[in-house]
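Colleague: Can you keep this structure in mind? I'll have questions shortly.
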Amino acid sequence: MHYVKDYLNSLKEGNLLGFECNSCKHRWLTIQNFCPNCGSHDIKDTYLSKRGKIVTYTILDVVPTNFKDKAPYAIAIIELEDGSRIQARIENIKDKDLLGRDVTFEKGDEEGLLFKLE
Amino acid sequence: MKNVYVAGVGMTNFGKSERLGRELALEAAISAIEDAGIEPKDIDATYVSSAFGIGENQVHVGPLINSALGIPDRPSLTIESACSGSSAAFHEAYVALSSGFYNIALVVGYEKLTMNSTPENTRLFAMASDFWYEGLNGVTFPGLYALMATAHMNKYGTSEEMLGSIAIKNHRNGFYNPKAHFRKIIDMDTYLKSPVVAYPLKLYDSCPFSDGAAAIILINEDAKIKKSELVKVLASVRSGSMAALQDRNDYTGIPGAKIASEKAYKYSKTSPEMISFAEVHDCFTIAEVMAMEDIGFFKKGDGGKASLEGITQFDGKKPVNPSGGLKAKGHPVSATGIAQIVEIYDQMLFRVDKNRQVSNPEIGLTHNVGATGGSVTINIFRRLK
Ligand SMILES: CC(C)(COP(=O)(O)OP(=O)(O)OC[C@H]1O[C@@H](n2cnc3c(N)ncnc32)[C@H](O)[C@@H]1OP(=O)(O)O)[C@@H](O)C(=O)NCCC(=O)NCCS
Ligand SMILES: [Zn+2]
């Protein structure tokens, strides 16, 4: 079982460190020590897949002070190929209709998780 | 359990204020004490809520309020629950009074935000998300609700005009509320042309950052007070949802709101059909749609349509947010939950402007959400004749 710090380090190595439930095989990213699907505590560390589809999204014009230079950018909830769901930022948005679009992991650092449109 | 009643209310103007948060809280507290016809020394315990006190270099505000009221020996509790702090404070007071441990409580919520720029407040508010998995990526609160809006619009065909009808209604009601942040009537064209904040949400879908405070005096049946105009608390229920949006199965509603309202109906022996009017957490127009569906006023997916049809106008079949809601009345986050109860009380005493007075305010409901639903409070109140 890992901590947020290990997750942030995994991003720098180009990986998405998450969890998998040994009981129901549910996979997720956030620090939950009990399976969000079945409640089991029998969980393990795992790397999540790095490709997926946009399930829902927004495009932000008004952004926090520290993201001023990046606006507008999208924030999406992405269903990865292994079924887990994550949230990431997507930059260089030209098209407003992003539902169902294929995306891949670009990088992760102190500005969180960045995916790109395929 | 002992019966619990709201015995008096107070509220500052919502909007931009030059005053300190603690001064606003004190003003609201004193009005509630006067309205209830009691003295500060009658108060057994004080419950205070604020979320961003740190921005004013001031936390632990409970003792400041009690000291200023001349009752420094009374216990105080200072509570944070994102945008639902004073509802959480209300609930704790309700639990203590219904158990009989205390008989009279002061509950006050306040926030002071307008000294910060919008990007700075936006950054601060993102701290109420699951920060390392949401806020860190650059998401904002309008953004989190926009994720829900996209999902709702896509799944149920909720349209821009439907969302617009909520903004127009709440601005209209706010126009007749002398304490509202915005007293400005808007039309559909103004709504549609307003700048995008977090696509698909625009300026007029959003509540503002407001300063303000609201307070109530809550009593149980053993309290000895003279005032007879009381509003009975039929139920106060809190629940929650997975903190990060990505960890939920569905983004078109708030699971904790559904759970809390179902319990609240059960405890109060009421049903959505029996509720005369509601104050709901419309931090964004889509949040009012989801609220009305989660509390069972309308079938899942029908909230937007119901609003466009006018059912939720103050003189419609199911009035929602006759105060102007967070949208127009304003959203000094930790003041909001109590401000909703102030509206229920004032409506039940028939003391609001006739242009937003609900005709038959027998049973009222408040729905207050912290962050994206990590915390939810549902309260149900009854008018006493
Ligand atoms: C919507 C929002 C981005 C607007 O901020 P902004 O663009 O910086 O707006 P400003 O404060 O510069 O105000 C510009 C004008 O719009 C008005 N205005 C500001 N916010 C408004 C709102 N929400 N609705 C309507 N009008 C608004 C101002 O009064 C001002 O009018 P004026 O020029 O006539 O004086 C900001 O209020 C916001 O982020 N709100 C959401 C708050 C939030 O997330 N709360 C938590 C909810 S869970
Ligand atoms: Zn499981």
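Colleague: Per DSSP H run of at least 4 residues, take -39500 (n - 2.57); add these up for chain B, divide by its residues and hand me the 222 nm value, nearest 500 deg cm²/dmol.
Modeller: One gets -10500 deg cm²/dmol as the mean residue ellipticity at 222 nm.
Colleague: In whole Hz, with x marking every Gly and Pro, tabulate ³J(HN,Hα) for segment B:88-93 from phi via Karplus 6.51 cos²θ - 1.76 cosθ + 1.60, θ = phi - 60°.
Modeller: Those phi angles translate into 5, 5, 4, 4, 5, 5 Hz.
Colleague: At 37 °C and 0.692 mPa s, grab the translational diffusion coefficient of segment B:27-78 from Stokes-Einstein with a Kirkwood Rh over Cα pairs, rounded to a whole number in µm² per second.
Modeller: 284
Colleague: Here is a follow-up. Just want the ordering: A:SER84, B:SER67, from fewest to most Cβ atoms lying within 10 Å of their own Cβ.
Modeller: Ordered by Cβ neighbours within 10 Å, fewest first: B:SER67, A:SER84.
Colleague: To continue, here is another question. Any idea which of B:LEU234, B:PHE14, B:GLY301 is furthest toward the positive side of the dipole for the protein assembly as shown, if Lys and Arg beta-carbons carry +1 and Asp and Glu beta-carbons -1?
Modeller: So the residue we want is B:LEU234.
Colleague: Follow-up. Each residue of segment B:342-348 in order: what ³J(HN,Hα) in whole Hz does its phi give by Karplus 6.51 cos²θ - 1.76 cosθ + 1.60, θ = phi - 60°, with x for Gly and Pro?
Modeller: 4, 5, 4, 5, 5, 5, 5
Colleague: Work out the mean other chain Cβ neighbour count within 10 Å for the residues of B:196-205 and drop it here as an integer.
Modeller: 4
Colleague: Another one. Can you give the mean number of other chain Cβ atoms that lie within 10 Å of the Cβ atoms in peptide B:167-180?
Modeller: Taking all residues of B:167-180 together, the mean is 0.
Colleague: For the pairs A:LYS96/B:LYS318; A:LYS53/B:LYS329; B:LYS41/B:LYS269; B:LYS232/B:LYS263; A:LYS5/A:LYS107, flag any whose C-alpha to C-alpha distance is greater than 27 Å.
Modeller: Checking Cα-Cα distances, A:LYS96/B:LYS318; A:LYS53/B:LYS329; B:LYS41/B:LYS269 exceed 27 Å.
Colleague: Pull up all non-local amide H partners of A:LEU113: gap of 5 or more, or a different chain, and H-to-H distance under 5 Å with H placed in the peptide plane.
Modeller: A:ARG89, B:ASN137
Colleague: Which distance in Å, rounded to a whole number, links the C-alpha centroids of segment B:348-369 and segment B:262-341?
Modeller: If you average the Cα positions of each part, the centres end up 12 Å apart.
Colleague: Which whole-number value in Å³ per residue fits the convex hull of the alpha carbons of segment B:109-252?
Modeller: Here the figure is 180 Å³ per residue.
Colleague: Nearest-5 percent of antiparallel DSSP beta bridges in chain B?
Modeller: Roughly 75 percent of the DSSP beta bridges within chain B come out antiparallel.
Colleague: Going by amide H atoms built from the backbone, whose H comes under 5 Å of the H on B:GLY8, apart from near neighbours?
Modeller: So B:GLY8 has HN proximity to B:ILE217.
Colleague: Quick one: Kirkwood hydrodynamic radius for the protein assembly as shown, alpha-carbon pairs, angstrom, one decimal?
Modeller: Computed over Cα pairs of the protein assembly as shown, the Kirkwood hydrodynamic radius comes out at 23.0 Å.
Colleague: For the peptides B:280-288, B:170-178, what is the packing order when you average, over each peptide's residues, the other Cβ atoms within 10 Å and list the highest mean first?
Modeller: B:280-288, B:170-178
Colleague: Now for a different question. Taking amide hydrogens as modeled 1.01 Å from N in the peptide plane, which residues meet the under 5 Å criterion relative to B:SER49, leaving out close sequence neighbours?
Modeller: B:ILE79, B:VAL108, B:GLY109, B:TYR110
Colleague: Can you compute the FRET efficiency between B:THR118 and B:LYS263 using 1/(1 + (r/R0)^6), with r the Cβ-Cβ distance and R0 = 41 Å? Round to the nearest 0.05.
Modeller: With a Förster radius of 41 Å, E is 0.65.
Colleague: Taking each pair of distinct Cα atoms in segment B:268-322 once, what is the resulting Kirkwood hydrodynamic radius in Å?
Modeller: By the Kirkwood definition, the hydrodynamic radius is 11.1 Å.
Colleague: A further question follows. Only four residue types carry charge here, +1 at the Cβ of Lys and Arg and -1 at the Cβ of Asp and Glu. Report the dipole size of the protein assembly as shown about the Cα centre in Debye, rounded to the nearest 20.
Modeller: Dipole size: approximately 920 debye.
Colleague: If you take every DSSP beta bridge whose two residues both sit in the protein assembly as shown, what share of them, in percent to the nearest 5, is antiparallel?
Modeller: Around 80 percent antiparallel, to the nearest 5.
Colleague: Right, next: Go through segment B:130-141 residue by residue and turn each phi into a ³J(HN,Hα) via Karplus (6.51, -1.76, 1.60, θ = phi - 60°); whole Hz please, and just put x for glycine and proline.
Modeller: 7, 3, 5, 10, 10, x, 4, 6, x, 6, 10, 5
Any read-out appearing in this document is the output of simple, stated calculations on the displayed coordinates, not a laboratory observation. Keep in mind that what you see is a predicted model, and the values were worked out from it rather than measured. In this analysis, Cβ positions are derived from the backbone assuming ideal geometry, glycine residues included, and neighbour counts consider all displayed protein chains.
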